[in-house]
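Below is one structure. I have some questions about it.
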Amino acid sequence: MSTSRRAVIASAAAAGLTAATVGGAHAHGHGGSGGGGRGPRRETFGRLDDGTEVHRWSLERGGTRLKVLSYGGVVQSLEIPDRHGRYANVSLGFADLGSYVSDSPYFGALIGRYGNRIARGRFTLDGTEYQLPVNDGPNSLHGGDQGFDKRVWDVTPSGPAALTLTYTSPDGEMGYPGTLSVTVTYTLTDDGDFRIDYEATTDAPTVVNLTNHTYFNLSGEGSGSIENHELTVAASRYTPVDDTLIPTGELASVAGTPFDFRRPKAVGADLRAGAEQILIAQGFDHNLVLDKGITRRPEHAITLYDPASGRQMDIATTEPGVQFYSGNFQDGTLTGTSGRTYRQSDALCLETQHFPDSPNQPEFPSTVLRPGETYRSTTVHSFSAR
Ligand code: BGC
């Protein structure tokens, strides 16, 4: 934990701010002990049309507070302190289940089987062509129209501030071959880091690319634009896209382009650059190629800092890429958790992942998973304030 992080937690405690009320009227303690002496707590969040009950789980540790839904594994709320110890929910979301079911642009959700786009929803594996549902122009996005973000996951507490989410995706679901058994673990560490571990196995060759689609605004959801947030990404290259946001296959240098975040740069600095790639996506919606490449252990690659609140998020990952999306398609039609509407650039996503359309791009790191292998991916979000 950084010195500033400790100072913030200490001052929050002095202000009585760590005495969070987690869970609601229907909260029940479930498993877990140690840390603050409270394990993950569960409450009813809503019911789907078919009667399935959806739960919201609340975790708190090391000064971080997290709320997770069994629906879509959604991060519904993520609260961290600012430089004065004041907490804010830094993730966009909704207050009710119905909005997640009908309106959500993947707020906080687990994405699978394939994060981001597959061109024309088509790929060939071992000589067989597979057709996926097309749900984004001519392409398949985020696992299709009923992806992992729309599934109810089995959630069990797996530590003082940890949840294990499991989902078994049947062979052929959303067009993908193989029965895919997925386990995702959400952990808050002693230091208040939010760690996500993904694992998957299959009974037939398939493709997998899992991620989490949290929209961050470090000043707090509903507080306005993230254009003043400073972003640093250790990525010397990015994957330019065609006019349907499919990578052209080129790994282009970021030097001299709006995609150069190798030194801290305000997100808004080049958002109106008039560059062709920015015009295509109406902002940033591109995969940055992390210089670290694929690593066995999560390595630091990304820093997001908000000068207004002093909140900082550092991201370490095992993944070779990150989809940087500047909330371009938010248009003021959705009302968020605290009742305020979300407009363009009111949040940004940093989706750690393999590159989009890898099943059709032989030069990209492979996303093929075969029986007997285990897909593993880890991303850690660390929080501090200065
Ligand atoms: C995609 C965007 C999309 C957003 C929400 C991002 O990962 O790259 O194009 O609009 O998710 O669906």
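Read-outs: derived from the displayed coordinates by stated rules, not from any lab. Values in this document were obtained by computation on a predicted structure and should not be read as measured data. Virtual Cβ from ideal backbone geometry, glycine too; neighbours counted across all protein chains shown.
Using 0.36 nm times the number of residues separating Ser181 and Gln282, minus their current alpha carbon distance, what extension gain do you get?
Values: separation 101, 0.36 × 101 = 36.36 nm, distance 3.60 nm.
Separation in residues times 0.36 nm, less the Cα-Cα distance, equals 32.8 nm.
Further question on the same structure: How far apart, in nm, are two points set 7 Å out from the Cα along the Cα-to-Cβ line at Asp291 and at Glu53?
5.2 nm
Here's a follow-up. With charges only on Cβ, +1 for K and R and -1 for D and E, what is the dipole size of segment 194-281 about its Cα centre, in debye, rounded to 20? Display every interim value, and only then the final one.
Details: 6 positive and 12 negative charges, 76 e Å.
Dipole about the Cα centre, nearest 20: 360 debye.
Search the structure for amide H atoms under 5 Å from the amide H of Ser158, placed 1.01 Å from N in the peptide plane, and list their residues when 5 or more places away or on another chain.
So Ser158 has HN proximity to Leu163, Thr164.
Tell me the mean residue ellipticity at 222 nm calculated for the chain from its helices only (DSSP H runs of n ≥ 4, each -39500 (n - 2.57), averaged over every residue, nearest 500).
Working: 3 runs with 25 residues, N = 386.
After summing the helix terms and dividing by residue count, I get -2000 deg cm²/dmol.
Still on this structure: Using only alpha carbon pairs under 8 Å that are at least six residues apart, calculate the relative contact order of the chain and give it in whole percent. Mind showing how you got there, number by number?
Values: 1045 pairs, mean separation 65.2, N = 386.
RCO, the chain: 17 percent.
Which of the peptides 221-227, 71-77 is most tightly packed, and how do the rest follow, going by the mean number of other Cβ atoms within 10 Å of each residue?
Working: 221-227: 18.9, 71-77: 26.0.
Answer by packing, highest mean first, reads 71-77, 221-227.
Over the Cα atoms of segment 3-385, Rg to Rh with Kirkwood Rh, two decimal places?
Numbers: Rg = 19.7 Å, Rh = 20.9 Å.
Reported Rg/Rh, Kirkwood definition of Rh: 0.94.
From largest to smallest, what semi-axes in whole angstrom does segment 100-186 give when each is the square root of 5 times an eigenvalue of its alpha carbon gyration tensor?
Numbers: eigenvalues 132, 53, 18 Å².
The three semi-axes for segment 100-186 are 26, 16, 9 Å.
Could you give the Stokes-Einstein D for segment 227-386 in µm² per second, using the C-alpha Kirkwood radius, 20 °C, 1.002 mPa s? Write down the numbers at each step before the final one.
Working: Rh = 16.6 Å.
Estimated via Stokes-Einstein, D reaches 129 µm²/s.
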